[in-house]
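The values are calculated or read from the model by the stated rules, or taken from the named source; none is laboratory data. Model, not experiment: these values are computed from the prediction. Note that we place each Cβ from the backbone using ideal geometry, even for glycine, and neighbour counts take in every protein chain shown.
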Amino acid sequence: MLPEIEWYGTIEHTWKPGEAGAHARLRSFAGKPLAAYAKTRDRPDLDETSALSPHLHFGEISVRQVWHALRGTRARLRESTFVSELLWREFAHHLIYHFPHTPLQPLDRRFERFEWVTDAARLRAWQRGHTGFPIVDAGMRQLWASGWMHNRVRMIVASFLVKNLRIHWLEGARWFWDTLVDADLAANTLNWQWVAGCGADAAPYFRIFNPQTQSEKFDPAGDYITRWVPELARLEAPHVHAPHAAPAAALAAAGVRIGSTYPAPLVDLAASRQAALAAYQAI
């Protein structure tokens with residue numbers, strides 16, 4: 001039943017499906033200090049997240065099993081940030097049960113009047129990781145190659161799509177549904193509506209992630225970026241976070257040509273932010 005073209009090669013090497021793979025991942029995560037999770041989970045350059053979401057989605061392990069495995073070795077588990085993430089996942093299923101229209105429609109009905117932008121070329125650039133913003137491109141390429149993306153980066157790329165490009169959150173949700181190995185309808189719906197501002201306990205409409213400052217904060221040395229965007233591998237921080245603003249000498253030394261070896265930014269961050277705020281304020 002496998003396809004003739006082995007498009008799944010990198011995904012196959014990334015994951016070990018089944019109960020054995022799920023419990024191996026849990027044991028690996030259980031060996032790390034849970035107290036540090038709140039600080040390290042936002043670092044895509046570090047392997048500090050549980051990466052259990054695909055196993056949870058396919059029922060290879062349960063939330064109860066994860067809870068009891070960690071409770072046996074950790075103090076103050078109830079107060080940990082990791083438990084809140086498990087509860088957030090459960091809340092997503094609660095929400096979709098009571099509001100079954102949300103995979104296609106906003107929970108906040110005001111957003112039915114929001115003026116989204118239709119731009120196939122920009123959507124394609126986002127999907128393929130050619131936006132000109134390295135942290136966004138790294139995340140989208142990680143997704144395409146491995147079927148997974150770090151959670152902090154998911155928020156960054158989602159904010160960029162719905163707020164800087166003002167493309168409908170459904171386009172992002174559908175792409176994630178097609179490409180994520182942990183594609184869970186409830187969680188995917190909740191998370192995209194959270195970023196767009198139209199869901200339950202959503203991010204305020206005026207919260208717009210700046211991909212450059214997010215990159216500088218959570219991938220300070222640019223290790224995550226250069227892993228997934230190899231054409232920037234010789235460009236050091238801080239220039240790797242915003243190549244289009246780097247001095248010509250630094251670009252030349254790294255062999256980077258904006259618009260040629262690496263794309264120019266799709267949008268101006270400041271201008272697109274103001275346009276998004278105006279569109280949100282209109283509703």
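Some values worked out for this structure:
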{"item": "Cβ-Cβ under 9 Å pairs, at least 6 apart or on other chains, the range 2-26 side under 17 Å from Asp182 (Cα atoms), far side hydroxyl-bearing (Ser, Thr, Tyr) and surrounded by 13 or more Cβ atoms within 10 Å (Cβ to Cβ)", "result": "Thr10/Ser146; Ile11/Ser146; His13/Ser146; Thr14/Ser146; Trp15/Ser146; Arg25/Ser50; Leu26/Ser50"}
{"item": "Residues of the range 90-140 satisfying the condition of being acidic (Asp, Glu) and assigned to a loop (DSSP other than H, G, I, E, B)", "result": "Asp108, Glu115, Asp119"}
{"item": "In the range 252-280, the residues that are among the aliphatic types (A, V, I, L, M) and under 18 Å from His130 (Cα atoms)", "result": "Val256, Ile258, Ala264, Leu266, Val267, Leu269"}
{"item": "Of all residues in the range 240-261 being without any contact (Cβ under 8 Å) to a residue 12 or more places away in the chain and not polar (S, T, N, Q), the one that is surrounded by the most Cβ atoms within 10 Å (Cβ to Cβ)", "result": "Ala246"}
{"item": "Which listed residue is among the hydroxyl-bearing types (Ser, Thr, Tyr) and more than 25 Å from Tyr224 (Cβ to Cβ), from Ser53, Ser84, Ser28, Ser62", "result": "Ser62"}
{"item": "Residues that are among the β-branched types (Val, Ile, Thr) and modelled with pLDDT under 90, drawn from the range 80-109", "result": "Thr81, Val83"}
{"item": "Members of the range 258-283 found to be closer than 19 Å to Gln212 by Cα, in a loop (DSSP other than H, G, I, E, B) and more than 23 Å from the chain's Cα centre (by Cα), listed by number", "result": "Gly259"}
{"item": "Residue check for Arg174: closer than 24 Å to Tyr280 by Cα, within 15 Å of the chain's Cα centre (by Cα) and charged (D, E, K, R)", "result": "yes"}
{"item": "Unique residue being among the aromatic types (Phe, Trp, Tyr) and under 15 Å from the mean Cα position of the chain (by Cα) when the list is Phe111, Phe91, Phe133", "result": "Phe133"}
{"item": "Answer from Ala275, Ala264 - the residue that is exposed (fewer than 13 other Cβ atoms within 10 Å of the Cβ) and of a type in the set (A, V, I, L, M, F, W, C)", "result": "Ala264"}
{"item": "Conditions (1) surrounded by 15 or more Cβ atoms within 10 Å (Cβ to Cβ); (2) among the acidic types (Asp, Glu); (3) closer than 26 Å to Leu143 by Cβ; number of the one not met by Asp108", "result": "(3)"}
{"item": "Check on Phe209, outside any helix (DSSP H, G or I) and under 16 Å from His241 (Cα atoms)", "result": "yes"}
{"item": "Of residues in the range 150-167 being within 19 Å of Thr14 (Cβ to Cβ) and surrounded by fewer than 24 Cβ atoms within 10 Å (Cβ to Cβ), the one nearest to the chain's Cα centre (by Cα)", "result": "Arg154"}
{"item": "Residue in the range 167-184 that is in contact (Cβ under 8 Å) with a residue 12 or more places away in the chain, assigned to a loop (DSSP other than H, G, I, E, B), touching a helix residue (DSSP H, G or I) at 6+ places or on another chain (Cβ under 8 Å) and farther than 29 Å from Gly21 by Cα present", "result": "yes"}
{"item": "All positions within the range 215-236 that are assigned to a helix (DSSP H, G or I), touching a residue at least 12 places away in the same chain (Cβ under 8 Å), within 21 Å of Ala145 (Cβ to Cβ) and not hydroxyl-bearing (Ser, Thr, Tyr)", "result": "Phe218, Asp223, Ile225, Arg227, Trp228, Glu231, Leu232"}
{"item": "Looking only at the range 110-139, and only at residues there that are among the acidic types (Asp, Glu) and in contact (Cβ under 8 Å) with a residue 40 or more places away in the chain, the one that is nearest to Gly222 (Cα to Cα)", "result": "Asp137"}
